[in-house]
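The values are calculated or read from the model by the stated rules, or taken from the named source; none is laboratory data. Source: prediction; values computed, not measured. Cβ: placed from backbone, ideal geometry, glycine included. Neighbour counts: every protein chain shown. Heavy atoms of the whole protein, side chains included, go into the accessibility calculation; ligands, DNA and RNA do not. Shrake-Rupley method; radii C 1.70, N 1.55, O 1.52, S 1.80 Å.
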Amino acid sequence: MALLQQPGMLGIGCSNILARARVQCLAAASHMPYLPDLLQGSGSKTASFTSQKIGSSRRRRRDLGIVAAEASTAAASVTPASTGSISVSDVLWPSAGAFLAMAVLGRMDQMMAFKGVSLTIAPLGAVCAVLFTAPGSPAAKKYNMFIAQIGCAAFGVLALSLFGPGWLARGAALSASIAFMIITGASHPPAASLPLLFIDGPKFHGLQLWYALFPGAAGCIILCLIQEVVSYLKKNCKF
């Protein structure tokens, strides 16, 4: 009997298994409508990640381009400008003008030796370099030159009278001279050495406020006259 009943029992077990499988299939089918949404969500995330990577790479390339452009600009600013062909006269006349300027100032020094003052001072050498090598620069403009020469020299006299000789007078005079040139727009670097020359040069102390005009401004008048002659010769006597 047990053997006869065993096939029946096997059939009932199989039917139960089939019934359970059918229920699981139906349950799975009921969730199928959400599958496209899941796939769509996954696809959108992938597309978003891909677009972010593309955007990041584009920004990186753009930043690299900006850095390269800035580097090329900096290199161009460091590289000296092309001077083109330089004639002999372009070199000879400015050099001759500088020689003539120092010769005239030296002769005037000999004439005024009994007074113990000198027109041949270091700042005027720097003025010669500006006038004869870069006559079109802001430092070579007559307004900048004379305003800066007179103002900076006066600050040297004032600083010495207030603080006496020493580092405090030098620092105060130089800082006041820089501020003066910025405020007035009269940029003329050689003039910044005039207050230091006065503070450290006892032979100029007797001039007092006359130092604002002599030797700086007075020497610049002579140099400007010679520079006009040099400019005329450079334009009309080329070789």
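Report yes if some residue within the stretch 165-177 is surrounded by fewer than 16 Cβ atoms within 10 Å (Cβ to Cβ) and not in a helix (DSSP H, G or I); otherwise report no. Yes: one or more hits. All conditions but one from (1) of a type outside the set (A, V, I, L, M); (2) over 12 Å from Gly219 (Cβ atoms); (3) in a helix (DSSP H, G or I) apply to Pro135; the one that does not is (3).
I'd like to verify a number: residues in the stretch 107-124 that are without any contact (Cβ under 8 Å) to a residue 60 or more places away in the chain and out of contact with any Leu (no Cβ under 8 Å at 6 or more places or on another chain), how many? Adding up the residues that qualify gives 6. From the residues in the stretch 178-217 that are under 24 Å from the mean Cα position of the chain (by Cα) and free of Cβ contacts under 8 Å to residues at least 24 places away in the same chain, which one is most open to solvent (accessible area, probe 1.4 Å)? Among residues in the stretch 178-217 that are under 24 Å from the mean Cα position of the chain (by Cα) and free of Cβ contacts under 8 Å to residues at least 24 places away in the same chain, the one most open to solvent (accessible area, probe 1.4 Å) is Ile183. For the stretch 83-127, which positions are of a type in the set (A, V, I, L, M, F, W, C), within 39 Å of the chain's Cα centre (by Cα) and over 21 Å from Leu225 (Cβ atoms)? Once the filter is applied, which keeps residues that are of a type in the set (A, V, I, L, M, F, W, C), within 39 Å of the chain's Cα centre (by Cα) and over 21 Å from Leu225 (Cβ atoms), the stretch 83-127 yields Ile86, Val88, Val91.
Might you check whether a residue that is among the hydrophobic types (A, V, I, L, M, F, W, C), closer than 22 Å to Thr120 by Cα and buried (at least 21 other Cβ atoms within 10 Å of the Cβ) occurs anywhere in the stretch 140-151? Among the residues of the stretch 140-151, at least one is among the hydrophobic types (A, V, I, L, M, F, W, C), closer than 22 Å to Thr120 by Cα and buried (at least 21 other Cβ atoms within 10 Å of the Cβ), which makes the answer yes.
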